[in-house]
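Student: I'd like to ask some things about the structure below.
The values are calculated or read from the model by the stated rules, or taken from the named source; none is laboratory data. What you see is a predicted model, and the numbers here were worked out from it, not measured in a lab. FYI the Cβ positions are ideal-geometry reconstructions off the backbone, even for glycines, and counts take in every protein chain you see. Protein only, heavy atoms only, side chains kept; ligands, DNA and RNA dropped before computing areas. Shrake-Rupley method; radii C 1.70, N 1.55, O 1.52, S 1.80 Å.
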Amino acid sequence: MRAEEKPIGSGRLEVRDLSMTLGGKPVLQHVTIDFWPGHVHALIGPNGAGKSTLASTIMGLAGYQDYEGDVLLDGESLREVPVDERARRGITLGWQEPARFEGLLVRDYILAGAKNGSDEKVRDALLRVGLDPERYASRAVDKTLSGGERKRIELASILAMKPRIVLMDEPDSGIDVDALNRIFDAIRDLKARGATVILITHSLTVLKQAEHAFLFCNGKLIDKGSIDRIGRYFENQCLPCDHQDGRESPFPVRES
Amino acid sequence: MSENSTIRALLDSAGLHEPGTDAARVIVHGNRVIGSRLVRGLEVDARETADGIEADISVRGGVRIETPIHMCFGMLPETGKQHIVLRVRMGKGAAASILAHCVFPNALDITHSMDAEIEVGDGADYSYFERHVHGREGGVLVLPKARVRVGENARFKTEFELIKGRVGRIDVDYETHVGPRGVLEMIARISGRGDDRIRISETGILDGEGSRGVLKSHIALRDRARAEIHNRLVANAAHARGHVDCKEIVQDEAAASAIPIVEVNHPKAHVTHEASIGSVDSKQLETLMARGLTEDDAVERIIRGLLG
Ligand SMILES: Nc1ncnc2c1ncn2[C@@H]1O[C@H](COP(=O)(O)OP(=O)(O)OP(=O)(O)O)[C@@H](O)[C@H]1O
Ligand SMILES: [Mg+2]
């Protein structure tokens, strides 16, 4: 660990009895989670389960502020805290589909959240996600980058920010095997620095990077525990599915 | 003021230092050419007129001038008129680029107009970058007009930039005809505020087979500024390809319209367009805010990117 990368303290994130309705549909229902500081967590579950919605709510994005229950950081409610202030308190989010920016250079994008920017920081962040600084630092974060490149550059910008709590929505989507290993290294680095990591994923390989797993379906947290046990979801899909409000499960139930 | 100190004042306002002595340059204050330096193959014939200058600029065939030619048009007083008539001839296979600064740092009521006729010979390569530096009052009426012919296998690129100081009123009117396999790129980047009025009318006519053209207008508006973009790209020959790109970010009480016209008169030609007008994209904004930038800083960065 380098001198500048000393542990960054607590960052206790709690989600308390969180419920949210979007477009008339309950998308989060009474979700309660304690994220352990300095641990890596994974949120899994089928499409539409509410994983990204939970991440957006924790980040405080527009359209995700009308909820019941609470989100707390170090015991303090974030209800009235806007996105940028949440970020300054150390929370950040890597989007499932990162934004494109016409004309904004990779270098400036990476340094947007860094406290004191330098070329060295840009280099370091790009190398950590396996991108050649010579080739990428002066390009724009626009449509000429491939999906995977944009994802990796977004992660580089998160690393440069040195956050306390990182939400990563499907960090592996569009990422090749080699780059995925870099991303796993970066997750380990974040943890080593004491950051709390929350991964959203559909992949068992990514789940295995975590220490705790949370299974969502239909807006509900239906199970949590060790990655080995919760990870069985990937073999069995939703285990006996009683959280579908009486409707038939869309997933095949196979007894193991 | 001596000519030297006028030159220095103009260059200072443009944020420029004395350029290296190997670069060709022409500096025009009001209706006087107060500085010029030529290089081999470049001919400049400038005549003073009542309210400006008339200049013939030519680069001899086959001559490639590597260092950009620097031109500076401007006026230090608060009021006045400057009308520039420019004829540019690029000989066959010649190459040159011009970096022109138009500097009106103290303008309260100045009209700066330019009438340019540009001929880019076959196989020639000509770029013209025009950067405007205005004061805070926006008292400038800018009327740039150009008629351009781009020859076979020739390239013409023009960039118009006004992102420092207030616009005042601006009315850009460019029309370019492109020959076989010629390439055209017209770019305007303008930031308007206060009561600024911006009108851009760019026309590209792709007459030659395999010619290509891009018209790009990126505008950011604040306060009560208004902008109107009329970009028209016409493809008349086989394998002509073009793209029109109008993007406007509008804040406060500003308003903008974009009318991209694409016209294709040959079954083997292809022209596309994209136009977007609106406030700053919310995902871009939230991404930067999720890294800790304030909303204002994030908006500023996004706009700088668009205009950059
Ligand atoms: N702004 C919104 N308005 C209406 N419905 C929404 C909105 N945002 C999300 N939803 C709905 O909420 C549900 C949960 O969506 P969410 O994006 O959180 O799912 P997810 O678990 O991340 O799924 P995926 O694995 O496909 O990414 C979905 O049914 C979605 O259609
Ligand atoms: Mg999702």
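Student: So what's the back-of-envelope 222 nm ellipticity for chain B, counting only DSSP H runs of four-plus at -39500 (n - 2.57) apiece and dividing by all residues, rounded to 500?
Tutor: Dividing the helical sum by the residues of chain B leaves -3000 deg cm²/dmol.
Student: Shifting gears a bit: For a test of the definition: using alpha carbon positions, the gyration tensor, and the 1.5 limit on a/c, classify segment B:157-279 as rounded, prolate or oblate.
Tutor: Taking the square roots of the gyration eigenvalues as a ≥ b ≥ c, segment B:157-279 is prolate.
Student: Once phi is turned into θ = phi - 60°, what whole-Hz ³J(HN,Hα) does the Karplus curve with 6.51, -1.76 and 1.60 give for every residue of segment A:54-63, x standing for Gly and Pro?
Tutor: Values, residue by residue: 5, 4, 4, 5, 5, 6, x, 5, 4, x Hz.
Student: Principal axis extents for the protein assembly as shown, Cα atoms only, whole Å, descending order, please.
Tutor: Result, largest extent first: 90, 56, 44 Å.
Student: Within 10 Å of each Cβ of B:85-91, how many other protein chain Cβ atoms are there on average?
Tutor: Across B:85-91, the average partner-chain Cβ count within 10 Å equals 0.
Student: Identify all aspartates and glutamates with a Cα-Cα distance to B:LYS247 below 12 Å; exclude those on the same chain that are fewer than 8 residues away in sequence.
Tutor: Reachable aspartates and glutamates: A:GLU102, B:GLU228, B:GLU274, B:ASP281.
Student: Take the alpha carbon gyration tensor of segment B:3-280, find the square roots of its eigenvalues, order them as a ≥ b ≥ c, and report rounded if a/c is under 1.5; if not, report prolate when a/b exceeds b/c, else oblate.
Tutor: oblate
Student: Could you please tell me the mean projected area of the C-alpha convex hull for chain A, averaged over all directions and given in square nanometres to one decimal?
Tutor: For chain A, averaging the hull's shadow over all directions gives 14.0 nm².
Student: What accessible area per residue, rounded to a whole number of Å², is obtained for the protein assembly as shown using a probe radius of 1.4 Å?
Tutor: Accessible area per residue, the protein assembly as shown: 43 Å².
Student: Report, in whole Å, the centroid distance computed from the Cα atoms of segment A:76-128 and segment B:183-255.
Tutor: Comparing the Cα centres of segment A:76-128 and segment B:183-255, I get a distance of 32 Å.
Student: Next question. So how much accessible surface do B and A hide from each other in total, probe 1.4 Å, in square angstrom to the nearest 100?
Tutor: Buried surface at the B/A interface: approximately 1900 Å².
Student: Give the residues of segment B:211-228 whose amide nitrogen is closer than 19 Å to a point set 7 Å from the Cα of B:ALA255 in the direction of its Cβ.
Tutor: B:219-228
Student: So, one more: Within 10 Å of each Cβ in peptide A:77-90, how many partner chain Cβ atoms are there on average? Round it to a whole number, please.
Tutor: The mean count of partner-chain Cβ atoms within 10 Å per residue comes to 3.
Student: Continuing with the same structure: How large a share of the accessible area of chain B, in percent, is made up of carbon and sulfur atoms when the probe is 1.4 Å and the other protein chains stay in place?
Tutor: Reported share for carbon and sulfur atoms: 45 percent.
Student: Cα extents of segment A:65-129 along the three principal axes, largest first, in whole Å?
Tutor: That gives 42, 24, 19 Å along the principal axes, largest extent first.
Student: How many percent of the accessible area of chain A is carbon or sulfur, using a 1.4 Å probe?
Tutor: 48 percent
Student: Okay, moving on. For n ≥ 4 DSSP H runs only, could you compute -39500 (n - 2.57) per run for chain A, divide by its residues and tell me the 222 nm figure to the nearest 500?
Tutor: Mean residue ellipticity, 222 nm, calculated: -8000 deg cm²/dmol.
Student: Rounded to the nearest 10 degrees, what's the angle between the helix A:177-192 long axis and the longest principal axis of chain A, both from Cα atoms, 0 to 90?
Tutor: 90 degrees
Student: Given a 1.4 Å probe, show me the residues in segment B:274-288 buried by at least 30 Å² of accessible surface when comparing the whole protein assembly to the chain alone.
Tutor: The answer is B:LYS283, B:GLN284, B:GLU286, B:THR287, B:LEU288.
Student: Rounded to the nearest 10 degrees, what's the angle between the helix A:147-161 long axis and the longest principal axis of chain A, both from Cα atoms, 0 to 90?
Tutor: Helix A:147-161 and the main axis of chain A meet at about 80 degrees.
Student: By how many degrees, 0 to 90 and rounded to 10, does the Cα axis of helix A:119-128 deviate from the longest principal axis of chain A?
Tutor: In chain A, helix A:119-128 runs at an angle near 40 degrees to the longest axis.
Student: Using the per-residue mean of other Cβ atoms lying within 10 Å as a proxy for protection, in what order, highest first, do the peptides B:113-119, A:140-146 fall?
Tutor: Output ranking for B:113-119, A:140-146: B:113-119, A:140-146.
Student: Just order A:180-191, A:16-27 by mean Cβ neighbour count inside 10 Å, highest at the front, would you?
Tutor: The most tightly packed comes first, giving A:180-191, A:16-27.
Student: Normalising by the residue count of segment A:122-164, find the relative contact order in percent from Cα pairs under 8 Å and 6+ residues apart.
Tutor: 50 percent
Student: What average count of beta carbons from other chains do you get within 10 Å of the Cβ of residues in A:55-61?
Tutor: Going residue by residue through A:55-61 and averaging, the value is 2.
Student: Over chain A, what is the relative contact order in percent, taking alpha-carbon pairs closer than 8 angstrom and at least six residues apart?
Tutor: That works out to 26 percent.
Student: Can you list residues whose amide H is under 5 Å from B:VAL271's amide H, if they're 5+ apart or on another chain and H is modeled 1.01 Å from N?
Tutor: Under 5 Å from the amide H of B:VAL271: B:GLY242.
Student: Using only the heavy atoms of the protein chains and a 1.4 Å probe, how would A:HIS30, B:HIS132, B:HIS177 rank by accessible area, largest first?
Tutor: The residues order as A:HIS30, B:HIS177, B:HIS132, largest area first.
Student: Determine the alpha carbon to alpha carbon distance for each of A:LYS143/A:LYS191; A:LYS121/A:LYS224; A:LYS115/A:LYS151; B:LYS81/B:LYS164 and list only those over 28 Å.
Tutor: A:LYS143/A:LYS191; A:LYS121/A:LYS224
Student: Moving to a separate point now. Output the residues of segment A:106-122 meeting this criterion: accessible area (heavy atoms, 1.4 Å probe) in the chain alone minus accessible area with all protein chains in place is 40 Å² or greater.
Tutor: A:ALA112
Student: Using Cα pairs under 8 angstrom and six or more residues apart, how large is the relative contact order of chain B, in percent?
Tutor: 10 percent
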